[in-house]
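J.: Below you will find the structure I want to go over with you.
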Amino acid sequence: EADYQVLIEQCRKTIKDLDEALIRKAYMYSLEAHRYTMRLSGDLYYTHPLKVALFLMKLISFGDNQSVVAALLHDIVEDVSDITLQDIEKEFGTEVAQIVDGLTKIKSEKTRKDEKYATYTKLFTALVKDIRVIFIKLADRYDNLRSLYHFPKEKQKEIGEETLNFYAPFAQRLGLSNIKKQLE
């Protein structure tokens, strides 16, 4: 409940036409979906999407109801086997489902070994469709970097190089120099 209060207070500061019921529904949905999942750090997994939503609003100074909901749900389709994109659309609407789909596609493209930088193409494609996908992805990368030391050295190097070569310059191009510095 304390985590939800932090989230909703930040939403009140950031979102003009706040839909508290929708935000609470997404928070509870994420909490329930990830209730048995832990991160490598030992933290409960739901704290990651919560931090992504908070970073989105605090660091990027961006947020609307749908982007905060999508941030809270951004990993669910790929991480929870019994939740589909159709479930997200049914519960939270087409707009949120499209943002989550954009984020899911970025991640699924990255796993293809033969196309190491396919993620960059997908990010640019997603940007054209909805810039909120990019903002959420930057917030996601920022939070993931904060726990990078839990990964094996080779994975740390891979994530670090990708961040320095793509995410940081991309943040700069979007005028987010404070995020660029944080990512670096």
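J.: Measure nothing fancy, just the Cα-based angle from helix 131-145's long axis to the longest principal axis of the chain, in degrees from 0 to 90, nearest 10.
T.: 70 degrees
J.: May I pose another question? Can you compute the modelled spin-label distance between residue 151 and residue 131, with each label point 7 Å from Cα toward Cβ, in nm?
T.: Those two pseudo-labels are separated by 2.8 nm.
J.: Another question, then. HN-Hα J couplings of the stretch 68-78 from phi, Karplus 6.51/-1.76/1.60, θ = phi - 60°, integer Hz, Gly and Pro as x?
T.: Coupling constants for the stretch 68-78: 5, 4, 4, 4, 5, 10, 4, 9, 5, 4, 7 Hz.
J.: Looking only at chymotrypsin sites (Phe, Trp or Tyr not before Pro) in DSSP loops with at most 13 other Cβ atoms within 10 Å, what is the longest site-free stretch of the chain? Don't skip to the answer; put the middle values down first.
T.: Details: sites that count: 36, 117.
The longest such stretch corresponds to 37-116.
J.: Another question about this same structure. For the chain, find the longest principal axis of its Cα atoms and tell me its angle to the long axis of helix 153-162, 0 to 90°, nearest 10.
T.: 80 degrees
J.: Can you work out the Karplus-derived ³J(HN,Hα) for every residue in the stretch 22-27? Use 6.51 cos²θ - 1.76 cosθ + 1.60 with θ = phi - 60°, whole Hz, and x for glycine or proline.
T.: 5, 4, 5, 4, 5, 4
J.: Could you tell me which label, among (1) 41, 35, 29; (2) 82, 50, 38; (3) 56, 40, 32, carries the value of Cα extents along the principal axes in Å calculated for this structure?
T.: (1)
J.: Taking the solvent-accessible surface of protein heavy atoms with a 1.4 Å probe, what is the per residue accessible area of the chain in Å²?
T.: With all protein chains present, the chain gives 52 Å² per residue.
J.: If you put +1 on each Lys and Arg Cβ and -1 on each Asp and Glu Cβ, how big is the dipole of the stretch 125-184 around its Cα centre, in Debye rounded to 20?
T.: Taking the Cα centre of the stretch 125-184 as origin, the dipole is about 140 debye.
J.: Helix 2-14 against the longest principal axis of the chain: what's the angle in degrees, Cα atoms only, rounded to the nearest 10?
T.: With both axes taken from Cα atoms, the answer is about 80 degrees.
J.: Given charges of +1 on the Cβ of Lys and Arg and -1 on the Cβ of Asp and Glu, with all other atoms neutral, how large is the dipole of the stretch 1-115 about its Cα centre, in debye to the nearest 20?
T.: 380 debye
J.: Right, something else. Identify the trypsin sites (Lys or Arg not before Pro) of the stretch 132-184 meeting these criteria: DSSP loop state and at most 16 other C-beta atoms within 10 Å of the C-beta.
T.: Counting only loop positions with at most 16 other Cβ atoms within 10 Å, the trypsin sites (Lys or Arg not before Pro) in the stretch 132-184 are 146.
J.: Here's something else I'd like to know. Between residue 20 and residue 36, how many nm apart are label points set 7 Å from Cα along the C-beta direction?
T.: The answer from the label model is 3.4 nm.
The values are calculated or read from the model by the stated rules, or taken from the named source; none is laboratory data. Keep in mind the model is a prediction, meaning the values are calculated, not measured. Quick reminder, even Gly has a Cβ in these numbers, built from the backbone with ideal geometry, and neighbours come from all protein chains shown. With ligands, DNA and RNA removed, areas are computed over all heavy atoms of the protein, side chains included. Shrake-Rupley method; radii C 1.70, N 1.55, O 1.52, S 1.80 Å.
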